[in-house]
Amino acid sequence: MSETARLADVFVFRLMFLLYRLPRRLGEFRQRRPELANAAEALVERKRMLAAYAARKRAVRTRREGRIVEENEYLIISALALDTRTGACGALHDGRCTIYPRRPFACRTVPLHYTALEATAASDLAEFVATPGHACETGDEAPVVIEDGRIADPSMRQVRAEALAAAEGDRAWKQAILRRLKAADGELPLPTLQQIEANAPYGATTTSMRAAWQVAVDSGLMIAEECRALLRAQLAVIERELDIGCGSADMRQTLAEMRTEYRYRLAAQGGQS
């Protein structure tokens, strides 16, 4: 979430809501992940990671294959950078990253994700290396990423720690958004919890990132001028992507709708440049 403030001039962001369910019992987890040799460690680590990043956790009971399964349900509130160029990162130019010193956490921990479990890091790395189109140095001179089943790269471990700290710093913001979801007051383009739950089988629910920034302003976590600056930065990126004309028709429609929304809000706030 907090990465949107320093990258709003690069990527188009949407506010994203994702429900993730995890079995409470090891036996059920092993049935779902039979390929894991260290399922117990993976389950404990996954619970710890989800608790760090989730805005809400609750116990639920679901029916699977005719039996009742006890699970923990986690509500993840985060920012999604739109794929405006159909698989090509908008920060690339002639195959080079133009924002390398301030690239996001996800890029700073390639070939793993910053939320990757150490218990599955070796298989995650093997899958990444085998992915067509990815050039990954795997020779004897390559840096050691994993050693003895643990992430060994010091810079990767540092970024993982920074990401956890950022998630903790975002906690009050996410809780403020959660309260607005529960209120369902209709003042902002936010879904209800019921809408998020209904959409969960099909994927994440997204809405305007403006809603998250406005909640931050209303909660005293951001000043109004910072919100306007973010809207102006996003509007410039949206107009750039529309001028380039990449992406699907649906994506261009989404960008056009966001452009209209951001122009209207900036004009209403007297912040249109």
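No lab work stands behind these numbers, since they all come straight from the coordinates. Computed from a prediction, not measured in an experiment: that's the story for all the values here. Quick reminder, even Gly has a Cβ in these numbers, built from the backbone with ideal geometry, and neighbours come from all protein chains shown.
Some notes on this structure:
- Low-density loop cleavage sites - trypsin sites (Lys or Arg not before Pro) in the stretch 68-137, where at most 16 other Cβ are within 10 Å (DSSP): 85
- Residue among 174, 47, 182 with the largest mean-square fluctuation in a Gaussian network model of the chain, springs linking Cα atoms under 10 Å: 182
- Label-point separation, residue 92 to residue 142 (7 Å along Cα→Cβ), nm: 1.9
- Whole-Hz Karplus values for the stretch 22-37 come out as 10, x, 7, 9, 4, x, 5, 5, 5, 5, 7, 10, x, 6, 7, 7 Hz, taken residue by residue from phi with 6.51 cos²θ - 1.76 cosθ + 1.60 and θ = phi - 60°; glycine and proline positions read x.
- Where only DSSP H runs of four or more residues are counted, the chain gives -14500 deg cm²/dmol as its mean residue ellipticity at 222 nm, each run worth -39500 (n - 2.57).
- Cα-derived Rg over Rh, computed across the stretch 125-273 with Rh taken as Kirkwood radius: 1.07
- Backbone HN-Hα couplings from phi across the stretch 147-152 [Karplus 6.51/-1.76/1.60, Hz, Gly and Pro as x]: 9, 6, x, 10, 5, 9
- In terms of surrounding Cβ atoms within a 10 Å radius of their Cβ, 178, 230 rank from fewest to most as 178, 230.
- The string of couplings for the stretch 66-72 from the Karplus curve (6.51, -1.76, 1.60, θ = phi - 60°) is x, 10, 7, 10, 8, 9, 9 Hz, one whole number per residue in order, with x for Gly and Pro.
- Qualifying GluC sites (Glu not before Pro) in the stretch 1-106, DSSP loop, other Cβ atoms within 10 Å at most 10: 35, 65
- In terms of other Cβ atoms within 10 Å, 147, 241 run from fewest to most in the order 147, 241.
- Exposure proxy ranking, count of Cβ atoms within 10 Å, fewest first, for 173, 213: 173, 213
- Applying both filters, DSSP loop and at most 14 other Cβ atoms within 10 Å, to the GluC sites (Glu not before Pro) of the stretch 77-145 gives 137, 141.
- When Rg and the Kirkwood radius Rh are both evaluated on Cα atoms of the stretch 104-169, their ratio Rg/Rh stands at 0.97.
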